[in-house]
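Working notes, structure below.
Throughout, read-outs are computed from the coordinates displayed, never taken from laboratory work. Bear in mind that the values here come from a model prediction, so they are computed numbers and not experimental data. Here the Cβ is made from the backbone with ideal geometry for all residues, glycine too, and neighbour counts use every protein chain on show.
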Amino acid sequence: MKKVLGITLVLVTCVLLGVSAQGAKEQVVKPLEFSVFYSDNATLPFKDTWLTVTEIQKRTGVKVNWEIIPIADYKTKVSLALNTGTNAPDVILYQSTKGENAALALNGAIVPISDYPEWTPHFNARVKEFGLENDVDLLKLKDGKRYYMPALFDVPFYDGGLILREDLLKKYNLPVPKTFDDLYRVLKEFKRHAPDSYPLTILAGPRVLYRMTMPSWGVSLGKNGASGTNTLSWDYDKKQYFAGAISEEYKSYITFFRKLYAEGLLDPEMAEPIDGDRWTQKLATGKAMASYAYYDQIGGVEANSTIPGFKLQMYPALAGPAGAHHQEKSRTGGGVMFPIKTSRRADFEQLVRAVDEMFFSEENAKLWCLGVEGVTYTVQNGKIVFADEFVNAKEGIYKSMQVKHGTGSDVTQMVWVNAREMTKYDDNYARINAEVEAMGDVIRYIPPTPKFDDKQAEEAGSLQTPLHDAWERWNSAFLTGAKSIDRDWNAYVQEMKNLGIDRFLELYNSNL
Amino acid sequence: MLIIPLLYFLLFKYVPLFGNVLAFRRYRPGMGPFGTEWVGLHYFQRFWGDPAFWRAFRNTLVLSLLNLVVNFPIPIVFAILLNEVRILPFKKAVQTVSYMPRFISTVVVIAILGELLSPSTGIVNIIRMNVFGQKAIYFINEAKYFRWIYIFVDTWQYTGWTAIIYLAAITAIPADLYEAATIDGATRIQQIFYVTIPSIMPTIMVMLILNVGRLLSLGFEKVLLLYTPDNSMVSDIIDTLVYRTGLANQNYSYATAIGLFSGIIGVILVSSSNFLSRKITGEGVY
């Protein structure tokens, strides 16, 4: 017994000595520790052993307690934490002040981080570097304060769009489509050669098709409409909203797609849920030859196809009546938010400064994107060269590195430099992106959110859902021909007016 | 031991009742869970004046009643038939196979359904096209099929499960009743009608009253998953409406008001059917 005690004592002393010798620096300042809400995605499960996660804590000397919450529950969890104030973490990632958060912010549940610019030097520097002063200014609420630090993009990506069979274009001697009328001719030709097919198929419900094509008509409506209003659209010249759902622009849009549907060029199987496998099979077996989808899905389809010479290619946005545009994108994204409770911590300033450095400093921005130099990549003659295991990975550099090390996760990466991102993709993708960038304003900004107080927000919210429901119903009926666009259009407009689309529009335009 | 279920009911069934106060108060985010000011019947008036609510109300009732008419008798008939089976292994096998679907998650059931009924790859449409030369029907997206799909899935999923309750009731019938009936010369069919059914009548009535009480609460996930804009005219029920207007838009007071309203309708339905049941058959839950 004595012996055991003796050995233990010696061991403990050794450990203590070792610690104090090694950790002399940390002993002086108590290491900063805080908790973070992280939105976890099933396709990219969080690991606290990720190189990015361990490295960032090592670099900043901060201990982060990650609370991993499945993305499906995230909104509820965050809402609950902010509403009650209890159990709130110190930092919440992947947040903006759209929707309920705006009301929570105005009612004092969230730290107005724009009040402390001197504590966020790295964030300020990136905003200036990317020229995002205006975009960031637009995130201010009715009281003139901004309540989160958004993710920042220097140039928006063209990550999805029209994808079609390049081999068939060549085989039938068709020119690359530049306009939607070209696309119609291409689909018509595809259908002529394969009468059983529906040339243009739909991924995950029509919302993907709508959000990527509507901007070329000057509208953006539905579940994924750019403004989040479902039935209003933004006039980029007049800089105000208009009732997109009952506009001539939309009428022309739905007339075009009705034509595709009626002639069997558009896949009628479009009710959600559509699973990705069925979509892949349709394209891979030649039952469909085109779709609106994302670039990183091409590989999966090609791998599944046994058709000789099968080749899918992504094309820049097609021109419609309002020019060639793609789904609108913000140059700011979801970012870091502090619940009001955090500001009562004695080390609040230190915490904000640490968060600013973790996510927005030049060095750490590189870490979240590329990993650690010497481990995941090396720089040779000024060019980034990734480790062989990623270059040779079947699923590509971007995905393999993301899963293994947590780079490029849109929850933790706050600084997105297009040129740097492109090093993770193939040359073809970089070429398409360069082409789209050269076309000018293909990807326009997301319309500004009006500055509602919570009463106005409630009124707008109560008008929004019935209008959206009605639009979805009519849109579907126009598309499938259950209602005639020529004969029933006025009845549709009347119904939307009865549901208060004018009042809805007025609420938005008078609070910009 | 009794304290655990008591605590469960207290915590999860009775305490939340107080949350109903939110139906009469304005909820403002971040300013307390019980709302900030009294607004009287403001939120009730809002949905009473909303045609979408009444459409949802009608859809809920129609779907529920249809479901009740079809799916209430089926488990009873099934249980009685199963009781008459004399080959024990066969009986057990049927029972197991029929109640298994109860344990499959709704999401999976709807995914299977989507596979079976898909117009491009679904087996049903492939048979229709290749064997009968008919055109493919997009079952999931057409309003006229929605109710029957919903009811059929319920039959498939719950018949075996609900039948267990009736089977248990049948097992409890004293054997001497059947003996006496046999001595009096009753055939097997007559035994079912004059012994089995009257003996399980109390169980049937209790189940009926409970089902009537649940008329306004349908299988929410199933409807939500089957909902498409094209079938919304018949598939939008109270729960999905509350989900879209109340929860998706964080309009908690409004959602509470509708919830309270359907709760009250439920209480009225239960007590009136209980009253009728006592009058007619002498059986009741209370």
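Details
- Rg/Rh (Cα only; Kirkwood hydrodynamic radius) as it applies to region B:112-153: 0.97
- Cα lying deepest toward the dipole's positive end in region A:302-383, options A:P316, A:F359, A:G382, charges on Cβ: A:P316
- Amide H within-cut-off set for A:G333, under 5 Å, with H built and near neighbours excluded: A:A151, A:L152
- Shielding of A:463-469 by partner chains, average beta-carbon count, 10 Å: 4
- The trypsin sites (Lys or Arg not before Pro) of region A:321-395 meeting both criteria, a DSSP state outside H, G, I, E and B (loop) and at most 11 other C-beta atoms within 10 angstrom of the site's C-beta, are A:K394.
- Kirkwood Rh in Å, taken over region A:443-496 so that all alpha-carbon pairs contribute: 13.4 Å
- Pairs of Cα atoms farther than 17 Å apart, region A:56-108, %: 43 percent
- In chain A, helical runs assigned H by DSSP with n ≥ 4 each contribute -39500 (n - 2.57); averaged across all residues and rounded to the nearest 500, the mean residue ellipticity at 222 nm is -13500 deg cm²/dmol.
- Here the contact order of chain B, divided by its residue count and restricted to Cα pairs under 8 Å and six or more residues apart, works out to 26 percent.
- Residues whose amide H falls under 5 Å from that of A:G160, counting only those 5 or more places apart or on a different chain, are A:Y295, with hydrogens built in the peptide plane.
- Taking the Cα centre of region A:134-276 as reference, the dipole from Cβ charges on Lys and Arg (+1) and Asp and Glu (-1) amounts to some 220 debye.
- Using the Cβ of A:V53 as centre and a radius below 14 Å, the other residues enclosed give a net charge of +1, where K and R count +1 and D and E count -1.
- GNM top mover of B:R128, B:R26, B:R214 - chain B, alpha-carbon springs below 10 Å: B:R128
- Tilt relative to chain A, helix A:121-130 - C-alpha long axis, 0 to 90 degrees, to 10: 30 degrees
- Percent breakdown of C-alpha pair distances by 20 Å bin, ordered from the shortest bin, for the protein assembly as shown: 13, 39, 34, 13, 2, 0
- Overall form of region B:1-64 per C-alpha gyration tensor (a/c, 1.5; a/b vs b/c): oblate
- Loop chymotrypsin sites (Phe, Trp or Tyr not before Pro), region B:106-165 (other Cβ atoms within 10 Å of the site Cβ: 13 or fewer; DSSP): B:F132
- Cα gyration tensor, chain B - rounded (a/c under 1.5), prolate or oblate: oblate
- For the Cα trace of region B:2-116, dividing Rg by the Kirkwood Rh returns an Rg/Rh value of 1.15.
- Using the Karplus relation 6.51 cos²θ - 1.76 cosθ + 1.60 with θ = phi - 60°, the per-residue 3J(HN,Hα) values for region A:382-398 come to x, 9, 7, 10, 7, 4, 4, 4, 7, 4, 8, 5, 5, 8, x, 4, 4 Hz, with x marking Gly and Pro.
- Shielding by partners for peptide B:50-56, expressed as the average number of C-beta atoms from other protein chains within 10 Å of each residue's C-beta, is 2.
- Of the chymotrypsin sites (Phe, Trp or Tyr not before Pro) found in region A:42-125, no site is in coil according to DSSP while having at most 14 other Cβ atoms within 10 Å of its Cβ.
- Computed with the Debye formula from one identical point scatterer per Cα of region A:100-140, without solvent, the log10 of I(q)/I(0) at q = 0.27, 0.30 Å⁻¹ comes to -0.97, -1.03.
- Most positive-pole-ward Cα, B:S118, B:T171, B:S199, against dipole of region B:85-225 from beta carbon charges: B:S118
- Value of [θ]222 nm, deg cm²/dmol, for chain B, DSSP H segments ≥ 4, -39500 (n - 2.57) each, nearest 500: -20000 deg cm²/dmol
- Listed residues B:A79, B:A181, B:A257, most fluctuating in chain B (Gaussian network, C-alpha, under 10 Å): B:A181
- Per-residue HN-Hα couplings for region B:138-143 [Karplus 6.51, -1.76, 1.60; θ = phi - 60°; Hz; x = Gly/Pro]: 8, 3, 5, 9, 9, 4
- Relative contact order [Cα under 8 Å, 6+ residues apart], region A:55-191, whole percent: 18 percent
- Farthest toward the positive end of the dipole of chain B, out of B:F9, B:G160, B:H42, is the Cα of B:H42, where the dipole comes from beta carbon charges about the Cα centre.
- Counting, for every residue in A:77-85, the Cβ atoms of other protein chains within 10 Å of its Cβ and taking the mean gives 2.
- Computed from phi, the 3J(HN,Hα) profile of region A:181-188 under the Karplus parametrisation 6.51, -1.76, 1.60 (θ = phi - 60°) reads 5, 4, 4, 4, 5, 4, 5, 4 Hz, with x in place of Gly and Pro.
- For region A:94-166: rounded, prolate or oblate by the Cα gyration tensor [a/c cutoff 1.5]: oblate
- Helix B:51-71 axis versus longest C-alpha principal axis of chain B: approximately 10°, rounded to the nearest ten.
- Computed about the Cα centre, the dipole magnitude for the protein assembly as shown is approximately 1160 debye when only Lys and Arg (+1) and Asp and Glu (-1) carry charge, each at its Cβ.
- Built amide H within the under 5 Å cut-off of A:I110, gap 5+: A:I340
- Most mobile of B:R86, B:R55, B:R46 in a GNM of chain B (Cα contacts under 10 Å): B:R86
- Computed over region A:404-505: relative contact order in percent, which uses C-alpha pairs under 8 Å that are six or more apart: 23 percent
- Reach of A:K128 by Cα under 23 Å, taken over lysines that are not fewer than 8 positions away in the same chain: A:K140, A:K145, A:K329, A:K366
- Fraction of C-alpha pairs exceeding 23 angstrom in region A:375-499: 62 percent, rounded to a whole number.
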